[in-house]
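Engineer: If you scroll down you'll find the structure; I have some questions about it.
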Amino acid sequence: MKAVVADPVGGPENLKYVDVGKPEPNAGEVLVKIQAIGVNFIDVYFRTGLYKAPEAPVKIGSEAAGIVEAVGSGSRFRPGDRVAYAMARGSYAEYAVVPEAVLVHVPDDITFEDAAALMLQGMTAHYLTRSTFPLSAGHTCLIHAAAGGVGLLLVQAAKIAGATVIGTVSTEEKARLVKQHGADHVVRYTEEDFTKTAKTITNGKGLDVVYDSVGSSTFFKSLDTLRPRGMMVSFGQSSGPVGPVDPLILSQKGSLFLTRPSLANYVSDPKELAWRASDLFEWHRRGLLKLQIHRTYPLAEAANAHRELESRASMGKLLLRP
Ligand code: NDP
């Protein structure tokens with residue numbers, strides 16, 4: 001079978017489309033024939049070596065949807081089941097062995113493409129707005145990179161919860177898209193000072209929460225947008241790692257809360273995983289959560305998908321087709 005691996009870690013040109021052995025599932029695992037693969041920034045971190053993998057060459061990809069082809073002993077899945085998953089590395093491939101603990105059934109009315117687009121970024125939007133800082137009417141939040149894959153879903157999840165949403169983006173085209181997806185205010189953070197906008201919109205009070213996936217270029221300014229005891233959710237580093245933070249700064253800026261969450265810790269309980277996935281499928285079915293598929297590349301062209309993601313050219317989701 002074909003797969004894409006990073007050999008060695010480095011730039012997009014290090015992604016190699018290679019022949020590898022078809023894996024077999026053990027107990028607690030399922031062999032999935034992959035139909036659609038989600039591209040995520042975490043794939044870039046594993047490709048560059050920012051996140052370390054134990055194996056070499058490094059398996060890339062954490063998200064896919066497909067059809068169960070074989071199961072390990074005692075499985076709750078059956079060959080032919082439609083499934084999707086996030087957080088199991090090695091999805092840039094024609095087949096993947098996936099731990100049952102991360103798999104969900106995909107309802108018949110959800111396409112494989114939509115399921116692959118929903119799992120990782122959708123569950124991230126869900127846990128950030130339902131669990132990390134549970135949003136409700138009366139809250140005002142800031143969402144950086146709001147036109148991105150996570151960003152567009154996060155804007156919509158925050159609106160479903162009833163919050164007021166400020167999104168940041170780099171271009172006018174992205175600003176329009178974010179507005180179309182329900183954001184109340186959009187700031188071109190490459191040109192305007194988003195801290196001023198946040199203060200103006202909240203009449204000087206400050207925001208309840210910032211969802212910051214951009215990292216080094218926005219982190220410290222984001223702290224300045226928060227109300228006393230507001231929450232800084234630093235959940236990514238698309239512009240580079242944040243680096244060391246002195247806890248005293250949280251006290252100086254108003255007894256702030258800082259968290260650096262990861263999806264894995266919000267879906268490790270099977271009930272939580274099922275809750276998040278079923279909410280996402282239902283929101284999508286009801287038209288509350290619209291998916292913006294930016295482009296689908298053949299698996300062999302994964303390097304170009306990475307180039308597009310890293311150059312800030314994509315809006316919404318990038319997919320690969322095996
Ligand atoms: P996106 O589609 O959001 O792409 C990244 C976006 O970040 C760009 O489109 C760009 O938007 C913005 N950006 C700002 N500065 C830079 C820069 N220097 N280089 C590249 N992009 C930049 O990617 P994803 O939706 O896949 O992921 C978004 C973030 O969320 C990532 O940091 C990822 O690691 C994180 N994440 C975290 C999870 C968690 O559980 N902790 C789970 C899932 C994702 P613009 O042009 O508008 O500035």
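The values are calculated or read from the model by the stated rules, or taken from the named source; none is laboratory data. In this text, all values refer to a predicted model and were calculated from it rather than measured experimentally. Here the Cβ is made from the backbone with ideal geometry for all residues, glycine too, and neighbour counts use every protein chain on show.
Engineer: Please work out which residue is nearest to the chain's Cα centre (by Cα), limiting yourself to the range 117-143 and to residues that are in a loop (DSSP other than H, G, I, E, B) and among the small types (Gly, Ala, Ser).
Structural biologist: In this case the residue turns out to be 136.
Engineer: Okay, next question. At least 3 residues that are among the basic types (Lys, Arg) and assigned by TED's automatic domain parsing to the domain that holds residue 152 in each: list the strands (runs of 3 or more DSSP E) lying fully within the range 164-277 that qualify.
Structural biologist: Passing ranges: none, list empty.
Engineer: Here's another thing I want to ask about it. Please find, among 18, 4, the residue that is loosely packed, with under 15 Cβ neighbours inside 10 Å, assigned to a strand (DSSP E or B) and more than 18 Å from the chain's Cα centre (by Cα).
Structural biologist: After applying the criteria, what remains is 18.
Engineer: Filter the range 23-78 for residues that are within 16 Å of the ligand (Cβ to nearest atom) and of a type in the set (Gly, Ala, Ser) and give the result.
Structural biologist: Answer for the range 23-78, where residues must be within 16 Å of the ligand (Cβ to nearest atom) and of a type in the set (Gly, Ala, Ser): 36, 38, 49, 53, 61, 62, 64.
Engineer: Cβ-Cβ under 6 Å, sequence separation 6+ or interchain: first residue in the range 152-171 and at positive phi, partner surrounded by fewer than 24 Cβ atoms within 10 Å (Cβ to Cβ) and modelled with pLDDT of 95 or more. Which pairs?
Structural biologist: Correct list of pairs: 162/136; 162/137.
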